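*Asks:* To start, I am sharing the structure in question, which I have written as structure tokens.
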Amino acid sequence: MSMRKVYLDHSATTPTRPEVVEAMLPFFNEQYGNPSSLHQYGQWCRSAIEEARDRVAKLIGAESEEVYFTSGGTESDNMVIKGVGFKNFEKRGHYITSKIEHKAVLEAVRFMEKLGFTATYLDVDEYGMVHPETLEKAIREDTILVSIMAANNEVGTIQPIKELAKITHEHGALFHTDAVQAFGKIPVDVKDWDIDYLAASGHKFYGPKGIGFCYIKDSAKKKMMRLIDGGSHEIGMRAGTENLAGIIGIAKALELAIADLDTEPARENKLVEMLYKGLTDALDGVELNGHPTERLPGFLNMSFAKVEGESMLLSLDMQGIGLSSGSACTSGSLEPSHVLSAMGLDSIRAHSSLRFTLGRQNNVDDIEYVLRVLPPLIEKLREVSML
Ligand code: PLP
């Protein structure tokens with residue numbers, strides 16, 4: 001009997017949906033023109049790209065010229081953070097972000113600090129929430145950009161983006177959100193949130209890897225510089241021949257993800273509840289990390305006292321279960337997650353955490369399998385634990 005395969009790491013990446021692959025395929029061999037070419041081979045592809053841009057714009061409440069295709073979330077975050085900084089290079093200026101951002105944001109802000117800009121990294125509460133008052137206190141006259149993620153990728157906590165953007169604008173600064181984890185999980189409407197910039201990534205919502213987009217509000221475009229110089233691609237903001245198939249794919253994936261918003265999040269949350277209940281019934285010393293209610297659907301981050309996350313992860317991997325732990329093995333030393341640390345978890349609890357992120361293919365059988373495998377495994381690890 002072959003081993004059951006249960007993938008529970010959808011916040012790391014998702015499989016590309018067959019409908020998405022199908023939509024992309026003609027753009028590898030039948031429609032291969034360069035969208036910048038003036039002949040019909042190029043112009044077919046140009047219209048396909050502009051159609052995809054229109055579609056993405058409509059789905060997020062933007063205008064077509066406000067959507068810029070990039071290589072993904074990391075690039076979109078860099079594009080905004082550095083782009084706004086370079087526009088303000090003479091006077092430099094102050095950035096505000098949070099302690100629980102993805103590295104794509106944290107490292108971009110740190111880079112700007114090296115160039116003479118200043119930065120404040122906002123604290124979060126025990127659930128990973130940025131409080132509007134914290135921003136209100138930190139914002140200054142020279143603040144140029146506030147960058148707060150829409151939802152966190154380790155614990156799923158959803159931030160009060162609308163309020164944070166409002167405070168930012170009251171102080172004359174620009175607001176960016178890394179919304180990479182939000183798509184397909186919660187509604188995203190850039191006009192309703194009233195934000196200036198947003199980063200998105202295709203492979204987090206069943207689109208292909210290596211494609212993303214950046215929303216840049218019309219009035220905020222002149223307040224940044226472009227990072228990638230060359231031709232006039234992407235409405236002058238990002239040079240380079242477009243990732244044609246990827247663009248077709250991300251538009252299709254977004255359309256499907258948003259069509260599923262009415263059903264899929266609720267379905268995943270039922271499975272999360274089942275998993276949470278099963279684990280807390282079976283084991284002592286189990287704690288939830290993240291917000292009890294303001295949390296992305298399908299997200300469950302838990303600490304299991306007296307066991308080490310990495311050993312659980314490796315043992316589960318041998319049983320066909322794929323997920324992440326709250327520590328990252330960097331250069332041989334086990335660093336506790338910066339997110340869990342910022343939430344005030346001690347290093348031991350951070351080290352004993354697992355992140356389950358569910359997705360479209362998961363079903364009740366998967367959860368039952370995890371509930372059969374994980375509790376005895378934890379009991380066994382606890383017997384030999386040094387923690
Ligand atoms: N921001 C967040 C919150 C993420 O979870 C990720 C993916 O891990 C990224 C940015 C980076 O996106 P990409 O993989 O498209 O570069």
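The values are calculated or read from the model by the stated rules, or taken from the named source; none is laboratory data. In this text, all values refer to a predicted model and were calculated from it rather than measured experimentally. Here Cβ is always computed from backbone atoms with ideal geometry, including for glycine, and neighbour counts include all displayed protein chains. For the accessible areas, the whole protein counts, side chains as well, though only heavy atoms, and no ligand, DNA or RNA atoms are used. Shrake-Rupley method; radii C 1.70, N 1.55, O 1.52, S 1.80 Å.
*Asks:* Would you point out the residue of the range 173-213, among those that are part of a strand (DSSP E or B) and in contact with a Lys or Arg (Cβ under 8 Å, 6 or more places away or on another chain), that is farthest from Glu101 (Cα to Cα)? Steps first, please.
*Replies:* Step one: list which residues in the range 173-213 are part of a strand (DSSP E or B), which gives 174-178, 197-201, 212-213.
Next, only the ones that are in contact with a Lys or Arg (Cβ under 8 Å, 6 or more places away or on another chain) stay: 174, 197.
Values: Leu174: 17, Tyr197: 16 Å.
Once the filter is applied, the top-ranked residue is Leu174.
*Asks:* Being under 16 Å from the mean Cα position of the chain (by Cα) and either away from the ligand (no atom under 11 Å from the Cβ) or of a type in the set (Ser, Thr, Tyr) (or both): is that true of Gly172 here?
*Replies:* no
*Asks:* Follow-up. Tally the residues that are farther than 26 Å from Glu268 by Cα and either in a loop (DSSP other than H, G, I, E, B) or within 16 Å of the ligand (Cβ to nearest atom) (or both), restricting the search to the range 14-29.
*Replies:* Total satisfying the criteria: 1.
*Asks:* Have a look at Lys82, Lys58 and point out the one that is within 21 Å of Ala150 (Cα to Cα) and either within 16 Å of the ligand (Cβ to nearest atom) or in a loop (DSSP other than H, G, I, E, B) (or both).
*Replies:* Lys82
*Asks:* Suppose we filter Thr293, Thr280 for residues that are under 18 Å from Pro375 (Cα atoms) and without any contact (Cβ under 8 Å) to a residue 12 or more places away in the chain; which single one remains?
*Replies:* Only one candidate qualifies: Thr280.
*Asks:* Within the range 14-33, restricting attention to residues that are touching a residue at least 24 places away in the same chain (Cβ under 8 Å) and open to solvent by less than 40 Å² (accessible area, probe 1.4 Å), which residue is nearest to Ala239 (Cα to Cα)?
*Replies:* Step by step, filter the range 14-33, then rank; the result is Phe27.
*Asks:* Another question, if that's okay. For the range 214-237, indicate whether the set of residues that are within 23 Å of Ala12 (Cβ to Cβ), in a strand (DSSP E or B) and not acidic (Asp, Glu) is non-empty.
*Replies:* Quick first cut of the range 214-237, residues within 23 Å of Ala12 (Cβ to Cβ) only: 214.
Restricting the remaining residues to those that are in a strand (DSSP E or B) gives 214.
Of the ones still in play, those that are also not acidic (Asp, Glu) are 214.
Yes: the range 214-237 contains one or more residues that are within 23 Å of Ala12 (Cβ to Cβ), in a strand (DSSP E or B) and not acidic (Asp, Glu).
*Asks:* Name every residue in the range 307-319 that is open to solvent by 20 Å² or more (accessible area, probe 1.4 Å), of a type in the set (Gly, Ala, Ser) and at pLDDT below 95, in order of residue number.
*Replies:* First pass over the range 307-319, keeping only residues open to solvent by 20 Å² or more (accessible area, probe 1.4 Å): 308, 310-311, 313-315, 317-319.
So of that shortlist, the ones also of a type in the set (Gly, Ala, Ser) come out as 311, 315.
Result: Ser311, single match.
*Asks:* With Ser71, Ser64, Ser11, Ser36 as the choices, which residue is more than 16 Å from the ligand (Cβ to nearest atom), in contact (Cβ under 8 Å) with a residue 60 or more places away in the chain and hydroxyl-bearing (Ser, Thr, Tyr)?
*Replies:* Going through Ser71, Ser64, Ser11, Ser36 in turn, the sole match is Ser36.
*Asks:* Now for a separate question. Considering only the range 138-161, I want to know if a residue exists there that is open to solvent by 10 Å² or more (accessible area, probe 1.4 Å), in a helix (DSSP H, G or I), among the charged types (D, E, K, R) and modelled with pLDDT of 95 or more.
*Replies:* No.
*Asks:* Here's a follow-up. Being touching a Phe, Trp or Tyr at 6+ places or on another chain (Cβ under 7 Å) and either outside any strand (DSSP E or B) or free of Cβ contacts under 8 Å to residues at least 60 places away in the same chain (or both) narrows it down to one residue among Ala119, Ala108; which is it?
*Replies:* Working: Ala108 fails: touching a Phe, Trp or Tyr at 6+ places or on another chain (Cβ under 7 Å).
Unique residue meeting the criteria: Ala119.
*Asks:* So which residues in the range 90-112 are under 20 Å from Ser341 (Cβ atoms) and more than 16 Å from the ligand (Cβ to nearest atom), if there are any at all?
*Replies:* Once the filter is applied, which keeps residues that are under 20 Å from Ser341 (Cβ atoms) and more than 16 Å from the ligand (Cβ to nearest atom), the range 90-112 yields only Ile96.
*Asks:* The conditions are (1) closer than 19 Å to Ser201 by Cα; (2) part of a helix (DSSP H, G or I); (3) aliphatic (A, V, I, L, M), and Leu261 fails exactly one of them. Which is it?
*Replies:* (2)
*Asks:* Sort through Gly344, Gly326, Gly322 and tell me the only one that's under 23 Å from Gly128 (Cβ atoms) and modelled with pLDDT of 95 or more.
*Replies:* None of the other options fit; the residue is Gly344.
*Asks:* Anything in the range 162-173 that is under 15 Å from Val188 (Cα atoms) and open to solvent by 20 Å² or more (accessible area, probe 1.4 Å)? List them, or say none.
*Replies:* Residues satisfying the conditions are Lys162, Glu163.
*Asks:* A further question on this structure: Collect the residues in the range 191-221 that are without any contact (Cβ under 8 Å) to a residue 60 or more places away in the chain and surrounded by fewer than 18 Cβ atoms within 10 Å (Cβ to Cβ), keeping them in residue-number order.
*Replies:* Within the range 191-221, Asp194, Ser219 qualify.
*Asks:* When you scan the range 195-205, do you find a residue that is more than 12 Å from the ligand (Cβ to nearest atom) and not hydrophobic (A, V, I, L, M, F, W, C), even just one? Let's see the steps before the verdict.
*Replies:* Here is the first cut: in the range 195-205, the ones more than 12 Å from the ligand (Cβ to nearest atom) are 195-197.
Checking which are not hydrophobic (A, V, I, L, M, F, W, C) leaves us with 196-197.
Yes, the range 195-205 contains at least one residue that is more than 12 Å from the ligand (Cβ to nearest atom) and not hydrophobic (A, V, I, L, M, F, W, C).
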